[in-house]
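Notes follow once the structure below has been shown.
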Amino acid sequence: PKEILLADYAAYPFAIDTIALTFKLSPAETIVTSKLSCRRLGQASTVLELNGGPYMSLLSLHMDGVLLEAEKDYDLSEEHLRVYNAPKSFELTVVTSINPQENTRLEGLYLSSGNFCTQCEAEGFRHITYYPDRPDVLSVFSVRIEALMEDYPVLLSNGNPAGAGEIAGGYHYAIWNDPHPKPAYLFALVAGNLACLTDKFHTSLGRDVTLNIYTLEKDQAKCDYAMGALKRSMQWDEETYGLAYDLDVYNIVAVSDFNMGAMENKGLNVFNTKYVLASPDTETDTDFAHVEGVIGHEYFHNWTGNRVTCRDWFQLSLKEGLTVYRDQEFSSDMGSRVIKRIDDVKALRAAQFPEDAGPFAHPVRPEKYIEINNFYTATVYNKGAEVIRMMATIIGQAAFRKGMDLYFERHDGSAVTCEDFVQAMEDASGFDLRQFRLWYSQAGTPEIKVDVKKGQGSKTILSVSQTVPSTPGQDMKKPMVIPIVMGFATEHGDCLSAQGLSSNIRPLGNGSFLLMMTQGADEFTFEGVEPTAVPSLLRGFSAPVEMETTLSELQQYFILNFDTDSFNRVEMSDLLLKKEVYKIAEQIEASQTKTVSNKLIKSLGQCLEAYERDPALISSILSMPSENDCISSMKRLSIDAVFEARQFLGKKIAHRLRKSLQSVYLSSRSAAKSLSLKGDKQAVHFRRLQNVCLSYMAKTGGHAENRLIVDQFQDSTTMTNKLAALQALVHSSIGKRKQLIRHFYKAYRKDELVVDKWFAAQALSTHENVHSEIALLQNHRDFSYTNPNRIRSLIGMFTMGNLSAFHRRCGKGYEILANAILKLDDINPQVAARMLTPLGRYHKLDKERQVLIGKQLKRILAKEGLSKPVYEMASKAYE
Ligand code: B3K
Ligand code: ZN
C-alpha cells in the first residue's frame, strides 16, 4: 500500500463550483446521479482525476451532455476515474450504482436498522460517486432524494429543505440545498422511518432555527437531554466566541451502527445512539456527560471544521484538536471545571501517553499515512486539544479570543492549515510562537525534571530540564516550549509574597505563576517565598508532559492536603498511590513481606472524612490509579508484580478504611437520593463518591459489604448505581452472582446500549476464568461483529480496560484479540484497525509476552487480502 506524504501536497487543478446529486434509494441497488459544474484551473492537458472505490459501478459518464467512451475519453481503475481533454469549463454527469445493504464497512452509504445513512469522513464519499474526495475541494451541494414513501418517510440531507412531493408508484422525493460550499466529507444523507423531537433556537443574528433529533420510535423518549445540550451549545458558542448558527435547520439523526461517536455533517449530524440517548434509568451520569460533550463537539465543528475546514488530512488536528478544546471548555462551563479537567487528563494519560510511547507515535500533525482513518487518534484529538490549551495559557484568554476572531475573519469559507491557526494566534497576540510550533511536528511526550533549591538569601530556584524521547522516524528532538503553571502552597493558601521574578516567569495574578520553559534546561528564580511554602507544579496540567520533581514525601503530602489547586491534590494522591504500588511491587519481586504505608492510608482516610465539601473531588482523590496508569509510568518492574501490588493495595485500603468507607457510602447514598429528588445536579457528585466507596467495599468481600452491593443492585433506580453494583458483582464471589448478572440481561435485553454495558462489565471481570467467560460471550446471541458498539464493549473493554486479564502469561488474551481482528478485517476494516491498538503497547512488557504478541501480529499480517487499515497498524506494531 502507498504512503501519502504531507510534503507532496498539491492544490487540485479544477474547481467544482456546484454539485447536484440525485439518489434513487433502494437497499440492494441505489442509483446516484451526480452533475458537476467544473472549471479547469491548470493547463489544457490537465487530467481530471476523480476518486472512486471498488464497491461501486460506473453506469455512465457524460460531458456537456455527450456520452464519454472508456479508454478514449476516460480511464477507470479501481480507485480512480481519469477524464481527458477537459475544456475550460464543463458539466460532468456521473451515474453510479451502489449496494448499501452489503456495506458492513459503515462508510459511504449503508443501512442501520433498515434506514439509510452515510458516513463520508474521511474518504467515504468516493464510495458513493466519483469525485475529488479531498477536503480542499469545496462545492455548493444540492441533493434530491427519491425513495419508497412507506419504508422511508423521512428524507434528509445537508442544508435547508427546498421542496418535497410525491411521485408515482408509492415513491416520494425531497430536495435539500446547502448554500455553504463544503468538502465532500461533510456530505450526508439519511432516509428512513424515524421519529422526531423538535425544538427551536433563536440566534443572536435573528435567525429562527428548527432543531430536530431523529431516532427510532422506541428511543424518542430519551432525546430531551441531548436537545437541551444542543441548545446550551448554541448559546455557549454565541456567548464565548460570538459564533452563531447559519442554517434554518439543525438535524441530528441517531443510528446504532456507527464507526465512531458522531459526525458533524453540515446541518445533518449523524450520531451513534450512545451519544444521543440519555435517560437516568438506562444511562449513567458519565453517559450524560458524554452526550453533552459530543453534542457540543459536533455543534462546535460547524465553525471549527465546517466553515473553516482542513486543507488536507494532515491538518486534521486543525479541526479536531481545536474542537475538542472547545467542547472541553463548554463542558467545564456547564459543570465542574476541575472535575472535567481531572477526567480529561485521565483520558489523555490513558490513551495518548501510551500512543506517544509506542510504535504508533506520530506528531499532532502527521507527515505520512497509509490509511487516514487510522489517524483519528488520541494524539490528533486529545494532545491536539492540549496544544490549543497551551497557546491559550501562553497568550492569555483575551488574546486567544482575538486570535479566534482573526482566524475566522481570515479563513471563513476556506480550507486551511494548522500553520494558519497558529499564525492568527501570533498576529492577534504579538507573541512569538515559532518554537511553540514544534508541538505540531514533534511526537513523543516530553519529560521534565524539576529540582527545587533554596538559593542565597530568600531566593528559591527551580531548575527544570526537559527531554523528548525519540519516536518512530524522529530520533533527535529539539527542546519544546513548555508552559508550567505553578504556585507556592502554604497552610493558609497560596504564598503571595514572591517577588524578584526572573524574566521567564509571569505572575498570573491569582497566586499562580507561569514559567516559560524554552530550553533543554531552564532556571526560574523567586525572592521572598515563605520558607515553608511548597511548590505546586504544573497546576491544571498546563502542559502534556511527564513530570518528576525533587519534592520530599513530606512536601507531597502537604500538596495533597493543602494545595489551593484541587487538580494538583488529585495528581498528588495519584502519584502517592502509584509510588506505593511500585514499592509493594518491589517487595513482591524481592520476595519480601508486603507492607502498606500508614501515612498514605491515614491521609486518604482524612480526605474521605472531609468528603462533604467536595464529594466529587474526594472521589477522585480516593480512586485507585488504573492498571493502565500503573504500567505506563512504571520503570523496570514486571507487570505481574505491579498488577498484584495494585490489587493488594486496593484491598488494604478497603480493609483499613472499612468503617469510614461504609459510613461515607451510606451518607453519600442518601445525600444523592435526596438531592436528586430535588432535581439538584450535585446529586451526580455524591453518586460518584458513593460508587467509588462501593468499589472499595467490594474488595473486602465482607458480608455487610456484599449485602450492600446486592441491595444497590436490586434497589437502585438509576443506571449509574445499578451499573456500579453490577461491576462490583462481576468481580465478587457473591453466591447469587451468576443469577444476578443474568437477571440484569433479562431486564434490559431490549435496550442495545444497556446490553453493551452488560457485555462491558463482564469483559472487566477479574475472575480466574475470564478468558472462557469472554469466549462464551462471543458466542452469545446478542454478540455481533457487525455492530461496532458491541465489539468495543466486549473486545475493546477486555483488551484495553482489563489489562491483567488481557496480558495473562498464557497469551490467550492476545489470541482472542487477533482472532477477532482477523474476523473483523473482512467486515469492517476501520474498526478492526482500531482494535489493534493494544497490540502496539508492549514496550513495558517482558520478552516472553512480546514474543507472544509478535506471533499474533505475524498471523494477522499473513492474512490474505488483509485490509489497508489493518495492514498499516499491524506492520507498525510488528516493526
Ligand atoms: N469528525 C468525525 C470523525 C470522523 C471519523 C472518520 N473515520 C467525528 C468528530 O470528530 O467529530
Ligand atoms: Zn471532531
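The values are calculated or read from the model by the stated rules, or taken from the named source; none is laboratory data. This structure is a prediction, so every number in the text was calculated from the model and none was measured. Note that we place each Cβ from the backbone using ideal geometry, even for glycine, and neighbour counts take in every protein chain shown.
Hey, GLY487 hits all of (1) over 17 Å from THR525 (Cβ atoms); (2) of a type outside the set (A, V, I, L, M, F, W, C); (3) not in a loop (DSSP other than H, G, I, E, B) but one; which does it fall short on?
(1)
Quick one: count up the residues across segment 300-323 that are within 10 Å of ligand 1 (Cβ to nearest atom) and out of contact with any strand residue (DSSP E or B) (no Cβ under 8 Å at 6 or more places or on another chain).
4
Table: residues versus (1) assigned to a strand (DSSP E or B); (2) under 41 Å from the mean Cα position of the chain (by Cα); (3) surrounded by 14 or more Cβ atoms within 10 Å (Cβ to Cβ).
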residue	(1), (2), (3)
LEU59	yes, yes, no
HIS62	yes, no, yes
LEU81	yes, yes, yes
ASN85	no, no, yes
THR93	yes, yes, yes
SER97	yes, yes, yes
GLN101	no, yes, yes
THR104	no, yes, yes
LEU109	yes, yes, yes
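Filter segment 371-388 down to the residues that are closer than 17 Å to LEU839 by Cβ and not small (Gly, Ala, Ser) and list them by number. Walk me through it before giving the result.
Step one: list which residues in segment 371-388 are closer than 17 Å to LEU839 by Cβ, which gives 371, 374, 377-378.
Residues satisfying the conditions are GLU371, ASN374, THR377.
Would you check if VAL870 is of a type in the set (Val, Ile, Thr), in contact with an Asp or Glu (Cβ under 8 Å, 6 or more places away or on another chain) and not assigned by TED's automatic domain parsing to the domain that holds ALA122?
Working: of a type in the set (Val, Ile, Thr): yes; in contact with an Asp or Glu (Cβ under 8 Å, 6 or more places away or on another chain): yes; not assigned by TED's automatic domain parsing to the domain that holds ALA122: yes.
Against the criterion (of a type in the set (Val, Ile, Thr), in contact with an Asp or Glu (Cβ under 8 Å, 6 or more places away or on another chain) and not assigned by TED's automatic domain parsing to the domain that holds ALA122), VAL870 qualifies.
Taking ALA832 as the residue in question, decide whether it is touching a residue at least 40 places away in the same chain (Cβ under 8 Å), closer than 28 Å to ASP629 by Cβ, touching a helix residue (DSSP H, G or I) at 6+ places or on another chain (Cβ under 8 Å) and not assigned by TED's automatic domain parsing to the domain that holds GLY358. It would help to see each step written out before you state the result.
Working: touching a residue at least 40 places away in the same chain (Cβ under 8 Å): no; closer than 28 Å to ASP629 by Cβ: yes; touching a helix residue (DSSP H, G or I) at 6+ places or on another chain (Cβ under 8 Å): yes; not assigned by TED's automatic domain parsing to the domain that holds GLY358: yes.
No, not satisfied.
Which residue, of LYS266, LYS274, is more than 28 Å from LYS402 (Cβ to Cβ), surrounded by 19 or more Cβ atoms within 10 Å (Cβ to Cβ) and of a type outside the set (A, V, I, L, M)?
On the way: LYS266 fails: more than 28 Å from LYS402 (Cβ to Cβ).
LYS274 is the lone residue from the list that is more than 28 Å from LYS402 (Cβ to Cβ), surrounded by 19 or more Cβ atoms within 10 Å (Cβ to Cβ) and of a type outside the set (A, V, I, L, M).
How many residues are touching a residue at least 24 places away in the same chain (Cβ under 8 Å) and assigned to a helix (DSSP H, G or I) if we restrict to segment 430-459?
6
From the list GLU864, GLU879, GLU815, GLU848, exactly one residue is modelled with pLDDT of 95 or more and farther than 25 Å from LEU764 by Cα. Which is it?
Numbers: GLU879 fails: modelled with pLDDT of 95 or more; GLU815 fails: farther than 25 Å from LEU764 by Cα; GLU848 fails: farther than 25 Å from LEU764 by Cα.
The unique qualifying residue is GLU864.
Of all residues in segment 244-263, which are among the aliphatic types (A, V, I, L, M), buried (at least 23 other Cβ atoms within 10 Å of the Cβ) and more than 15 Å from ligand 2 (Cβ to nearest atom)?
Of everything in segment 244-263, those that are among the aliphatic types (A, V, I, L, M), buried (at least 23 other Cβ atoms within 10 Å of the Cβ) and more than 15 Å from ligand 2 (Cβ to nearest atom) turn out to be VAL253, ALA254, VAL255.
Residue by residue, here is whether (1) aliphatic (A, V, I, L, M); (2) at pLDDT below 95 holds:
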{"site": "ASP412", "(1), (2)": "no, no"}
{"site": "VAL422", "(1), (2)": "yes, no"}
{"site": "SER441", "(1), (2)": "no, no"}
{"site": "GLY455", "(1), (2)": "no, yes"}
{"site": "THR471", "(1), (2)": "no, no"}
{"site": "MET486", "(1), (2)": "yes, no"}
{"site": "ALA489", "(1), (2)": "yes, no"}
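Tell me whether segment 140-156 contains one or more residues that are within 15 Å of ligand 1 (Cβ to nearest atom) and either hydrophobic (A, V, I, L, M, F, W, C) or at pLDDT 95 or above (or both). Please lay out each step first, then the result.
To start, the set of residues in segment 140-156 that are within 15 Å of ligand 1 (Cβ to nearest atom) comprises none.
No.
Under the condition of being surrounded by fewer than 24 Cβ atoms within 10 Å (Cβ to Cβ) and of a type in the set (Asp, Glu), which residue from segment 281-291 is farthest from ligand 2 (Cβ to nearest atom)?
The qualifying residue farthest from ligand 2 (Cβ to nearest atom) is ASP281.
Give just the number: which of (1) under 15 Å from the mean Cα position of the chain (by Cα); (2) within 16 Å of ligand 2 (Cβ to nearest atom) does ASN306 not satisfy?
If we test ASN306 against (1) under 15 Å from the mean Cα position of the chain (by Cα); (2) within 16 Å of ligand 2 (Cβ to nearest atom), just (1) comes out false.
Against the condition within 16 Å of ligand 1 (Cβ to nearest atom), at negative phi, in contact (Cβ under 8 Å) with a residue 24 or more places away in the chain and of a type in the set (Gly, Ala, Ser), how does ALA385 come out, does it pass?
Working: within 16 Å of ligand 1 (Cβ to nearest atom): yes; at negative phi: yes; in contact (Cβ under 8 Å) with a residue 24 or more places away in the chain: yes; of a type in the set (Gly, Ala, Ser): yes.
It is true that ALA385 is within 16 Å of ligand 1 (Cβ to nearest atom), at negative phi, in contact (Cβ under 8 Å) with a residue 24 or more places away in the chain and of a type in the set (Gly, Ala, Ser).
Give the number of residues within segment 215-245 that are more than 27 Å from LEU138 (Cβ to Cβ) and either assigned to a strand (DSSP E or B) or in contact with a Gly (Cβ under 6 Å, 6 or more places away or on another chain) (or both).
1
Every residue in segment 125-156 that is polar (S, T, N, Q) and over 17 Å from ARG82 (Cα atoms), please. Talk me through it step by step, then tell me what you get.
Filtering segment 125-156 down to residues polar (S, T, N, Q) leaves 129, 139, 142.
Selection gives SER139, SER142.
Does GLU426 satisfy the condition of being touching a residue at least 60 places away in the same chain (Cβ under 8 Å), of a type in the set (D, E, K, R) and not assigned by TED's automatic domain parsing to the domain that holds SER867?
Details: touching a residue at least 60 places away in the same chain (Cβ under 8 Å): no; of a type in the set (D, E, K, R): yes; not assigned by TED's automatic domain parsing to the domain that holds SER867: yes.
For GLU426, the condition - touching a residue at least 60 places away in the same chain (Cβ under 8 Å), of a type in the set (D, E, K, R) and not assigned by TED's automatic domain parsing to the domain that holds SER867 - is not met.
How about segment 1-25: which of its residues are more than 18 Å from PRO181 (Cα to Cα) and among the aliphatic types (A, V, I, L, M)?
Once the filter is applied, which keeps residues that are more than 18 Å from PRO181 (Cα to Cα) and among the aliphatic types (A, V, I, L, M), segment 1-25 yields ILE4, LEU5, LEU6, ALA7, ALA10, LEU25.
Could you tell me which numbered condition ARG613 fails, if it satisfies all but one of (1) modelled with pLDDT of 95 or more; (2) within 32 Å of the chain's Cα centre (by Cα)?
All conditions pass for ARG613, except number (1).
Could you count how many residues in segment 174-198 are more than 29 Å from the chain's Cα centre (by Cα) and either closer than 29 Å to TRP313 by Cα or touching a residue at least 60 places away in the same chain (Cβ under 8 Å) (or both)? Spell out how you get there, then give the answer.
Initially, segment 174-198 is screened for residues more than 29 Å from the chain's Cα centre (by Cα), giving 174-177, 179, 193.
Now narrow it down to the ones that are either closer than 29 Å to TRP313 by Cα or touching a residue at least 60 places away in the same chain (Cβ under 8 Å) (or both): 176-177, 179, 193.
Of the residues in that region, 4 qualify.
Which of the helices (runs of 4 or more DSSP H) found entirely inside segment 777-838 contain at least 3 residues meeting this: out of contact with any strand residue (DSSP E or B) (no Cβ under 9 Å at 6 or more places or on another chain) and among the hydrophobic types (A, V, I, L, M, F, W, C)?
Working: elements: 788-791, 797-801, 803-806, 812-827, 829-835.
In segment 777-838, 797-801, 803-806, 812-827, 829-835 are the helices (runs of 4 or more DSSP H) which contain 3 or more residues that are out of contact with any strand residue (DSSP E or B) (no Cβ under 9 Å at 6 or more places or on another chain) and among the hydrophobic types (A, V, I, L, M, F, W, C).
Looking only at segment 113-158, count every residue that is in a loop (DSSP other than H, G, I, E, B), aliphatic (A, V, I, L, M) and either without any contact (Cβ under 8 Å) to a residue 12 or more places away in the chain or within 16 Å of ALA188 (Cα to Cα) (or both) and tell me the total.
To start, the set of residues in segment 113-158 that are in a loop (DSSP other than H, G, I, E, B) comprises 113-114, 120-124, 128-130, 132-138, 149-153, 158.
So of that shortlist, the ones also aliphatic (A, V, I, L, M) come out as 122, 128, 137-138, 149.
From what's left, either without any contact (Cβ under 8 Å) to a residue 12 or more places away in the chain or within 16 Å of ALA188 (Cα to Cα) (or both): 122, 128, 138.
Count: 3.
Can you find, within segment 309-321, the residue that is farthest from ligand 2 (Cβ to nearest atom) among those that are crowded, with 24+ Cβ neighbours inside 10 Å and not in a strand (DSSP E or B)? So that I can check it myself, show each step before the final result.
First, pick out the residues of segment 309-321 that are crowded, with 24+ Cβ neighbours inside 10 Å: 309, 314-321.
Those left that are additionally not in a strand (DSSP E or B): 314-321.
Working: PHE314: 16, GLN315: 13, LEU316: 9, SER317: 10, LEU318: 11, LYS319: 6, GLU320: 5, GLY321: 9 Å.
Among residues in segment 309-321 that are crowded, with 24+ Cβ neighbours inside 10 Å and not in a strand (DSSP E or B), the one farthest from ligand 2 (Cβ to nearest atom) is PHE314.
Looking at (1) over 29 Å from ALA398 (Cβ atoms); (2) among the β-branched types (Val, Ile, Thr); (3) modelled with pLDDT of 95 or more, which is the only condition ILE482 fails?
(1)
Among the residues of segment 258-276 satisfying the criterion of being out of contact with any helix residue (DSSP H, G or I) (no Cβ under 7 Å at 6 or more places or on another chain) and assigned to a loop (DSSP other than H, G, I, E, B), which is farthest from ligand 1 (Cβ to nearest atom)?
Among them, the one singled out is GLY267.
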